[in-house]
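Here the structure is laid out as structure tokens; the discussion comes afterwards.
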Ligand SMILES: *[C@@H]1O[C@H](CO)[C@@H](O)[C@H](O)[C@H]1NC(C)=O
Ligand SMILES: *[C@@H]1O[C@H](CO)[C@@H](O)[C@H](O)[C@H]1NC(C)=O
Ligand SMILES: *[C@@H]1O[C@H](CO)[C@@H](O)[C@H](O)[C@H]1NC(C)=O
Ligand SMILES: *[C@@H]1O[C@H](CO)[C@@H](O)[C@H](O)[C@H]1NC(C)=O
Ligand SMILES: *[C@@H]1O[C@H](CO)[C@@H](O)[C@H](O)[C@H]1NC(C)=O
Ligand SMILES: *[C@@H]1O[C@H](CO)[C@@H](O)[C@H](O)[C@H]1NC(C)=O
């Protein structure tokens with residue numbers, strides 16, 4: 001069937017300001033959509049997208065701007081998002097109730113591996129902010145001073161104060177240690193310390209009967225076959241981590257690459273590399289969901305672990321983040337937390353001024369959050385079901401979202417790098433098997449930047465990024481979001497629709 005669209009060799013993308021950018025179609029990709037919900041479609045939970053805060057740095061986010069950005073995400077979701085408050089700094093914190101500062105860094109360098117002493121005001125951020133969200137908190141295992149058993153005083157100080165500050169209904173989970181494979185030599189030793197931490201927490205809090213523990217939080221390096229070698233999820237369950245039947249989540253961490261080498265196409269915009277690395281998580285995901293009957297989450301994630309080239313933190317990181325999250329959910333991952341702290345270049349936003357990274361500002365990867373929320377859908381009829389449609393391409397990926405038996409949304413990501421110079425190419429994507437669609441039309445929203453991977457967004461470098469026509473900025477809206485939500489109508493003929501997808505762009509097609 002000819003769709004009569006062959007004259008559309010040049011797509012004119014009209015941006016919010018009316019400025020247009022052109023992309024030339026140089027190839028066509030057919031996408032054969034499943035005609036019925038596949039039996040293995042993963043029922044991804046509504047609270048999949050998540051913001052991660054490195055634990056000792058939470059007070060840096062105690063402001064309206066940060067609250068607004070979390071609320072902007074929450075309002076697009078059907079349930080409250082879950083903030084992950086954890087990390088290495090949280091494993092070694094101490095507490096001094098007489099300290100007036102929220103946090104005191106014991107010695108430089110004050111990064112995520114530094115020792116901090118917390119004061120009572122640390123917990124204000126949990127009490128006063130982020131009412132639109134729940135949180136996962138963390139029991140410190142104190143690997144520096146010896147872990148057997150975890151220091152009772154510190155476990156109580158953090159968990160009890162954080163739990164009470166949030167209120168029981170906003171506590172989603174309590175993590176038992178962080179990246180424990182760095183310091184627990186085997187599963188038995190971890191389970192022994194986890195049990196001691198559970199006993200300590202149970203002695204001071206009534207946590208109820210529902211599953212609440214998050215276990216392992218295994219370091220990314222270990223899963224990918226580097227040091228430290230992890231023990232498997234099965235090892236931990238065999239050693240008795242779930243004897244109380246209250247393990248809610250098994251968590252592991254994921255960084256796409258170390259960030260030491262410049263390279264956008266090779267490391268960030270490389271679907272083949274993503275598939276290879278995520279493949280290493282499959283045994284953990286399968287054991288957790290099929291045998292342990294718990295949820296598997298990636299509780300600390302990022303594109304580059306460090307940053308050797310600022311371009312790694314711009315729009316390429318946004319495109320990496322949406323592709324990574326959709327691929328992860330198609331494999332059975334229940335949540336992804338994108339990690340940040342105020343001075344990390346790859347953060348979702350920089351909360352204030354006077355830091356190593358200029359701020360306050362929204363950074364490019366933030367745009368991945370509203371995109372993911374919209375792919376999940378807020379008002380969903382029936383169970384969600386997400387499926388990866390393998391296009392066998394290193395730069396093009398596609399995913400479908402079912403609601404119950406019905407295909408509701410399709411996302412396509414074009415990872416070919418367009419860095420803002422020269423001519424922009426585009427792929428004409430032909431989606432087949434759409435069936436009968438109301439009004440013979442579907443709608444498309446675009447995650448777009450005129451400057452491609454050179455865009456950091458308005459606050460970062462005045463090169464705008466838009467998701468469905470909308471933007472987030474400190475300067476323009478204090479994180480509340482602005483711009484008119486825009487979707488474009490696309491004709492469906494005999495169950496097929498064609499969309500021109502420029503390089504370095506992602507889109508969601510809405511069928512209803
Ligand atoms: C970029 O976004 C800012 C903030 O919304 C806006 O003022 C500006 O006009 C936009 N520029 C372009 C070229 O769209
Ligand atoms: C923060 O938000 C609150 C509630 O909306 C408002 O009352 C307060 O003035 C805001 N503070 C600043 C510094 O903008
Ligand atoms: C446990 O932590 C407390 C408070 O931070 C500290 O005073 C104490 O010495 C620690 N105990 C051990 C055995 O390290
Ligand atoms: C805090 O102050 C109280 C009252 O002065 C004192 O008894 C207690 O030892 C102090 N605690 C710490 C950890 O310094
Ligand atoms: C993408 O990653 C794969 C697997 O790691 C690698 O073999 C390939 O060379 C990478 N592609 C580019 C363009 O660097
Ligand atoms: C870009 O496109 C224009 C118009 O089609 C063409 O004349 C020019 O040669 C192209 N430039 C490059 C570098 O391909």
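The values are calculated or read from the model by the stated rules, or taken from the named source; none is laboratory data. Every value quoted in this text rests on a predicted model; they were computed, and no experiment measured them. Methodologically, a virtual Cβ is constructed for each residue, glycine included, from the backbone with ideal geometry; neighbour enumeration extends over all protein chains shown.
Residues in the range 128-148 that are outside any strand (DSSP E or B), modelled with pLDDT of 95 or more and on the phi < 0 side of the Ramachandran plot were compared, and the one that is surrounded by the most Cβ atoms within 10 Å (Cβ to Cβ) is 141.
Here residue 444 meets each of (1) over 30 Å from residue 314 (Cβ atoms); (2) in contact with a strand residue (DSSP E or B) (Cβ under 9 Å, 6 or more places away or on another chain) with one exception, condition (1). Output the residues belonging to the range 267-285 that are farther than 15 Å from residue 332 by Cβ and exposed (fewer than 14 other Cβ atoms within 10 Å of the Cβ). If the condition is that a residue be farther than 15 Å from residue 332 by Cβ and exposed (fewer than 14 other Cβ atoms within 10 Å of the Cβ), then 272, 276 are the ones that fit. The lone criterion from (1) in contact (Cβ under 8 Å) with a residue 60 or more places away in the chain; (2) under 20 Å from residue 49 (Cβ atoms); (3) assigned to a helix (DSSP H, G or I) left unmet by residue 299 is number (3). Pull up the range 417-441, narrow it to residues that are under 30 Å from residue 461 (Cα atoms) and loosely packed, with under 15 Cβ neighbours inside 10 Å, then point me to the one that is nearest to ligand 3 (Cβ to nearest atom). Only one residue fits best here, namely 421.
Examine the range 313-330 for a residue that is outside the structural domain of residue 453 (by TED's automatic domain parsing), more than 22 Å from residue 506 (Cβ to Cβ) and either in a loop (DSSP other than H, G, I, E, B) or at pLDDT 95 or above (or both), and state whether such a residue exists. No; the residues of the range 313-330 include none that is outside the structural domain of residue 453 (by TED's automatic domain parsing), more than 22 Å from residue 506 (Cβ to Cβ) and either in a loop (DSSP other than H, G, I, E, B) or at pLDDT 95 or above (or both). Residue 116 fulfils the conditions (1) surrounded by fewer than 17 Cβ atoms within 10 Å (Cβ to Cβ); (2) in contact with a helix residue (DSSP H, G or I) (Cβ under 6 Å, 6 or more places away or on another chain) except for a single criterion, (1).
Just to be sure, is residue 475 surrounded by fewer than 16 Cβ atoms within 10 Å (Cβ to Cβ), within 16 Å of ligand 1 (Cβ to nearest atom) and in contact (Cβ under 8 Å) with a residue 40 or more places away in the chain? Judged against the criteria, residue 475 is a match. Being buried (at least 21 other Cβ atoms within 10 Å of the Cβ), in contact (Cβ under 8 Å) with a residue 60 or more places away in the chain, away from ligand 4 (no atom under 16 Å from the Cβ) and part of a loop (DSSP other than H, G, I, E, B) is a property that does not hold for residue 70.
For the structure I just gave you, tell me whether residue 89 is touching a helix residue (DSSP H, G or I) at 6+ places or on another chain (Cβ under 9 Å), within 16 Å of ligand 3 (Cβ to nearest atom) and at pLDDT 95 or above. Give the steps one after another, and end with the answer.
Values: touching a helix residue (DSSP H, G or I) at 6+ places or on another chain (Cβ under 9 Å): yes; within 16 Å of ligand 3 (Cβ to nearest atom): yes; at pLDDT 95 or above: yes.
For residue 89, the condition - touching a helix residue (DSSP H, G or I) at 6+ places or on another chain (Cβ under 9 Å), within 16 Å of ligand 3 (Cβ to nearest atom) and at pLDDT 95 or above - is met.
Within the range 459-472, is there a residue that is in contact with a helix residue (DSSP H, G or I) (Cβ under 8 Å, 6 or more places away or on another chain) and under 27 Å from residue 390 (Cβ atoms)? Among the residues of the range 459-472, at least one is in contact with a helix residue (DSSP H, G or I) (Cβ under 8 Å, 6 or more places away or on another chain) and under 27 Å from residue 390 (Cβ atoms), which makes the answer yes.
Checking 168, 157 one by one, the residue that is surrounded by fewer than 17 Cβ atoms within 10 Å (Cβ to Cβ), out of contact with any helix residue (DSSP H, G or I) (no Cβ under 9 Å at 6 or more places or on another chain) and touching a residue at least 24 places away in the same chain (Cβ under 8 Å) is 168 and no other.
When restricted to residues that are assigned to a loop (DSSP other than H, G, I, E, B) and either crowded, with 24+ Cβ neighbours inside 10 Å or outside the structural domain of residue 81 (by TED's automatic domain parsing) (or both), the range 352-376 contains 1.
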